[in-house]
Amino acid sequence: MIALKKLRELTLTAAPSAGRPLHLSAASGLVCLGSAMYVVADDELHLGVFSTKDDRPGQLVLLFDGALPDEKVARKRHKPDLEALTSLPAFEGFPHGALLAVGSGSRPNRRRGALLALDLSGAITGAARGLDCSAILAPLADVFAEVNIEGAVVVGDELRLFQRGNKQHPDNAIIRYPLAAVIDVVTGTRADALRPMTIDRFDLGHVDGVPLCFTDATALPGGDVVFSAVAEDTDDAFNDGACVGAAIGIVGNDGQLRFVRRLDRPYKIEGIHAELDGNRLDLLAVTDADDPDMAAALYAATIAI
């Protein structure tokens, strides 16, 4: 089993709004660029920016105008549910690339996204641009009983989205799109439905009868993808449940499942970053506490592959 080491809690210099705690609680996607660690939270309208060099409190970058209700049920109903975060290579208007945050697509109001330009060092520059990702996410309702996108990675000339299943519909899948077509959508030059090139489905195993399901992913050189998965005891893509297990695995660039390795404790990992050093894989992972009063945490592990 994989043992994680806790590095820090995701504390903040300022709360996202009056009355909210000084931390992120629902970390749901992770991208590391240089010394910056970017964390998207599914119950906020902001992106968290932290340093990989120290444990100073992070800062927030506004993604969407407006405000979310403080009450938990109402907040869940109205939130954009940003679950996936990835970096895009340079394209027109973004000479140093961009961060792309994508909603889960589990409901019509969860089909939003955000685009943030990067500078040469990988730091965010300028204000976020809100996106309508319906052209990508809405067609998936014809494929999956419940759409629930939890991860996104760029591999070569493809964008790959990770569909998360649940007990009722254990539909884990990797959905591949031409990256050029995705960029046309996010830049507003294309509005018609974007259909996937391929969809590969995966059985990741079970923990106590609960299926392990994708929660995030990150690409390695050569196109292999490291993913995180949790076994959450829930029957749908909306309600939370107890996390009874978690795992990390690799899917090869050929679409074949290389391995799935359990964590020694059921951390609800929803964001992952990996760096390959020979046969050693250095991992960073962030958690979703499912409780606004509890801070999300950053963990680390090193495994041999």
- Query: Pairs under 7 Å by beta carbon, first residue touching a residue at least 24 places away in the same chain (Cβ under 8 Å) and surrounded by fewer than 17 Cβ atoms within 10 Å (Cβ to Cβ) in segment 142-162, partner not in a strand (DSSP E or B) and not aliphatic (A, V, I, L, M), six or more apart or different chains?
  - Reply: A145/H169; A145/D171; G156/G223
- Can you tell me which of L137, L131 is free of Cβ contacts under 8 Å to residues at least 60 places away in the same chain, in a helix (DSSP H, G or I) and closer than 22 Å to R75 by Cα? L137
- Note on the structure: When segment 210-240 is checked residue by residue, the ones that are small (G, A, S), without any contact (Cβ under 8 Å) to a residue 40 or more places away in the chain and either farther than 27 Å from V155 by Cα or surrounded by fewer than 21 Cβ atoms within 10 Å (Cβ to Cβ) (or both) are G222
- Query: Which residue, of G97, G58, G103, is surrounded by 16 or more Cβ atoms within 10 Å (Cβ to Cβ), in contact with an Asp or Glu (Cβ under 7 Å, 6 or more places away or on another chain) and modelled with pLDDT of 95 or more?
  - Reply: G103
- Could you look through segment 142-199, keep only residues that are of a type in the set (S, T, Y) and outside any strand (DSSP E or B), and pick out the one that is farthest from E83 (Cα to Cα)? T189
- Quick check: is even one residue across segment 164-182 of a type in the set (V, I, T) and modelled with pLDDT under 95? no
- Message: Condition (residue is within 24 Å of L212 (Cα to Cα) and either crowded, with 21+ Cβ neighbours inside 10 Å or of a type in the set (S, T, N, Q) (or both)) applied to segment 116-130: is it met by at least one residue?
- Response: no
- Item | Number of the exception - P69 against (1) at pLDDT below 95; (2) under 18 Å from the mean Cα position of the chain (by Cα) | (2)
- Message: Out of everything in segment 18-50 that is more than 16 Å from the chain's Cα centre (by Cα) and outside any strand (DSSP E or B), what residue ends up being surrounded by the most Cβ atoms within 10 Å (Cβ to Cβ)?
- Response: R20
- Query: When the residues of segment 261-275 are filtered to those that are outside any loop (DSSP other than H, G, I, E, B) and touching an Asp or Glu at 6+ places or on another chain (Cβ under 8 Å), which remaining residue is surrounded by the fewest Cβ atoms within 10 Å (Cβ to Cβ)?
  - Reply: E275
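The values are calculated or read from the model by the stated rules, or taken from the named source; none is laboratory data. Predicted model only: the values in this text are computed from it and were never measured. We place every Cβ from the backbone using ideal geometry, glycine too, and count neighbours over all the protein chains shown.
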